Each structure stands twice: as C-alpha cells, then as structure tokens.
Amino acid sequence: MQQRLGQRSLLFTRAPVIRSYASVVGKKEGEGPLRHGFDAISEDSYFGEKTWEMAESHMLKQCFQLCCDKAGCAPSELDAIFAGDLLNQCVSSSFAMKDSSVPYFGLYGACSTMAEALVLSACHVAAGYAECCLALTGSHFCSAERQYRFPLEYGGQRTPSSQWTVTGSGAVMVSAGDSGVTIPMVTPGRIVDAGIKDPNAMGSAMVPAALDTLCAHFADTGRGPADYDAFFTGDLGALGHDLLEHQLEQRGLGPGASYMDCGVLIYDLSTQEVNAGGSGCGCSASVLCGHILPCLEKGIWRRVLFAATGALMSPTSSQQGGSIPGICHAVVLERRD
C-alpha cells in the first residue's frame, strides 16, 4: 500500500526491498575511482559486437543476467521490467529484453531513467500489482556521440562545460520483503524548463529540475539534507553540482559534504579528460549499483536520497533552437535490518 505525503511524495506502508543489483561498465569507467565496485568491466568498447548500438544492447543484456544470477532467480520469475536508454526509440534496451518473455515497459527519462524505473517498480510492488520487478538502464559513449553530436571520426572539440557520456549500465531488482535495503518513499519529478538552449551545458539545464524536486521532497516529508547520510544527484557534473549547492544554500538547505553528484564521482576529473564529468543513463545507474547500494549494504550509510536528473532534449529539438527541459525523480533508499 502507499499514501501521498504532501503534494508529490509517496510513502510506502510496506517498503519494497532491493533484492539484487548489478553494474557493467566500459574500460574508461573501469579506470575511474569507483572501479572496485562494478560487477564487470569490459576492455572491449564493442562488447564483442559489430556496432556501437549492438554493443550497448549487449551490455544491458549482460547486466540484466548478472542481476538475475545474483538474486538466484530466473528471468521468467519477474513480473515486469522497466527499462530505457538514450537511443532513438530506446532500441538498445528493447533489443536487450526482446527474448526475456517478461512484460516490458520502455522508458525515456534521459539520465533520470534509472530513478524513474525505480519509482515505477516500487509503486507496482508496494501496491501489490507485482511481486518482483526489475529496473534497468544504460548508455554508451560512442552510440550517444553519433546520435547527439558527431561521429567519433569527426574529431570535434568539446567545451569545458560539456560532459562525457558514460559507457555503463545498472540493473536493480525490486521485490516484496522485510529486510535489506528498502525503498520507503519516492518523490516523482515534474518537467522544469529554464530556457537554456546550449546542449553543451546540460548540467546547468537540469539544475532547476533537481532543485524543484529536492525542495518538494523536503517540504513534503519535513526532512532536510541533515536527515540523510548522503544524497546524490545525477548527472549535473561539476558545474551543475556547484550551482545546485549554491541554490540550496540560498534556501537554507545547505547540503554540506553529504551532497555528491554521480557525474563527478564516476571519473577522476583531473586526469581522465572528461571536462565537467559524466552523463548518460548509465552514469547514475552504474554509480547507484557500483557504489551507493554497496555502501548501504555494508552499513556505511543507512539512509540515502538518490535524485537522478535528465535533460529532455533530442538532436532535432536542439537543431531547431529548442530549449532543454529537465526532470528529476527522487528515491529514498534505507537500510533496514
């Protein structure tokens, strides 16, 4: 069962449990500071396939299978899969899941897709519509560059504010249960458009949506940053992180050292030449499954707020001079013994 808290948040009277999780990343991500937390690191950007898009699909399928294996269950035991990616028509996730024989919901929330999938999975389990759901998403640097910017062969220069699309994926299995890492509460996001049009400043474009959702969550729940051991956005990058931190401080919600951004965490910004940090569906997903959930499971943190952000743009909308609306979904993750 679930009940509404305030205007936008949902409280689950019997919180769904995270039964298992898995992460698969590429070589560059495997060289970053979080490398020891990922389940699999591929040295081959093609993942043994012929194209970048097929490689992305292969990565998602591998991540999905790893998550099921870690849970000790067959894919057929799932009641639903909520999955998405950055490519047109979400082809990498749909092709990865086409042989699963499980009810499938294709999602597009840009970089916020993992949080969106977790919200929907938790709602289904908490309401009793499903016993076990899986949230899955990922992205690939090369396929995203070809779709959103230029083929790699073009050798275009990147601005300091631009971000590096993460080659990575994450899968989280959500089920009914009594102990472990739970999802007791979620705050779904709404679209916020600040009128920013620069596709090389997506972090700044997503900050208003992150601020809107975080302020709504704190108002609905009566909580503040101090009530969480840590809270994460993803993927605002270094510039967006600092901008959001400043705006929270202006509202008396100074997060201090507890606030981190997935796009900043996944790479070493001083040595890996990723400019403002990471982005893409796979960024927050792989940081969640390779860093945040393991820390919760080990008891390093007991309560975390995961607020993934997304830039709702397309190559067509940018080329036509459209703005970049943003969205942010927040998920509370709490360890319960």
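All of the numbers you see were taken from the coordinates with simple rules; none came from a lab. Model, not experiment: these values are computed from the prediction. Heads up, the Cβs are rebuilt from the backbone with ideal geometry, glycines too, and the neighbour counts pull from every protein chain shown.
Listing for the model above:
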| read-out | value |
| --- | --- |
| Residues 61, 27, sorted so that the one with the fewest Cβ neighbours within 10 Å comes first | 27, 61 |
| Percent RCO, i.e. relative contact order, over the range 187-337, from Cα pairs under 8 Å lying at least 6 residues apart | 36 |
| Förster radius 35 Å - calculated FRET efficiency between residue 227 and residue 13, Cβ distance, rounded to 0.05 | 0.95 |
| Net charge contributed by nearby residues that have their C-beta within less than 14 Å of residue 7 (K/R +1, D/E -1) | +1 |
| Label point distance in nm, residue 51-residue 215, each placed 7 Å from Cα along Cα→Cβ | 4.4 |
| Computed over the range 2-175: relative contact order in percent, which uses C-alpha pairs under 8 Å that are six or more apart | 29 |
| Relative contact order of the chain, defined on C-alpha pairs under 8 angstrom at six or more residues apart (%) | 25 |
| Residues of type lysines that residue 28 reaches as a straight line, Cα spacing below 22 Å, ignoring anything fewer than 8 places off in the same chain | 50, 61 |
| Net length gained if the chain between residue 314 and residue 250 were fully extended (0.36 nm per residue, minus Cα distance) | 19.8 nm |
| Ranking of 331, 192 by count of other Cβ atoms within 10 Å, fewest first | 192, 331 |
| The chain, dipole about Cα centre (Lys/Arg Cβ +1, Asp/Glu Cβ -1), debye to the nearest 20 | 500 |
